[in-house]
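Enquirer: Have a look at this one before I ask anything.
Please treat every number below as a calculation from the coordinates, not as lab data. Keep in mind that this is a model prediction, so the values were computed, not measured. Backbone-built Cβ (ideal geometry, glycine too); neighbour counts: all protein chains shown.
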Amino acid sequence: MHVFRLCLFSTEMAEQPHPVREFHQSHNQIALLDVNVRGGAEYADIIHFLRNSRIGFAISENIHLVQAYIDDFWRSARVVDDTIEATVSGSSIVITEAVIRATLRFGDLDHGNTCYVRQIRERGVKSFGYADSFDKKEISKAMFLGQWRFFFHVLMQCLSTRKSGTDTMSNDLVSGMIGLPYNQPYNFSLMIFQALKHQIGLKANDKRLMILYP
């Protein structure tokens, strides 16, 4: 299950007496943004940047997860026009791109890009010290060093729409990786919304099916 938590349920629902899953400090550390752990000081600059970036809240907020709510959502979710509708604990919820933007505090633009043109992507990753050609379909984490490799790792673990294969990155998230440090428009909200709609549309026996952004 991805580190990224999509907390779209209301406060009133969260106050209902359901079992919750809390993240213990010693658990769920595949993308830990803590400079005080062993080796953390080596990545202090990029950790501070990520925590203060426009994705900082989404990748670091520690919330309660209610398993029953997650089960209800994926059991009932359906795409209706430009919305996702579901019934969770007896309450109707509607998810839109705007809801994701507000809830996760992205502050991105509703008309922002989700994929930059090839020339911008190539120049961007090269400026990060990418040590391979840009002719391959995806870029590889192994071709970055130090802070930039950690940056790649956090984005893939927290925001990727994949079930596995997190050592390479597709063009949409490459664009997000470039947009953050260069402070360029990138629509994380739309990227997530499109991924959720795609998952909801998969058949039950599809191997790509997973609980995405719970």
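Enquirer: What's the local net charge at ASP167, with K and R +1, D and E -1, over the other residues with C-beta under 12 Å away?
Expert: Within the 12 Å Cβ shell, the charges total +2.
Enquirer: Taking a label point 7 Å from the Cα of GLU85 along the Cα→Cβ vector, which residues of the range 174-214 have an amide N closer than 17 Å to it?
Expert: 197, 200-201
Enquirer: Give the Debye-formula value of log10 I(q)/I(0) at each listed q (0.09, 0.10 Å⁻¹), with one equal scatterer per alpha carbon of the range 11-200, two decimals each.
Expert: For the requested q values the scattering log ratios are -0.38, -0.46.
Enquirer: Starting from the Cα-Cα distance between ALA102 and GLN157, subtract it from 0.36 nm times their residue separation and give me the gain in nm to one decimal.
Expert: Value of the extension gain: 17.6 nm.
Enquirer: Mind ordering 171-178, 182-189, 109-116 by average Cβ neighbours within 10 Å, highest first?
Expert: Top of the packing list down: 171-178, 182-189, 109-116.
Enquirer: So how much slack lies between ALA142 and ARG123, counting 0.36 nm per residue of separation and subtracting their Cα-Cα distance, in nm?
Expert: Gain on stretching ALA142 to ARG123: 5.0 nm.
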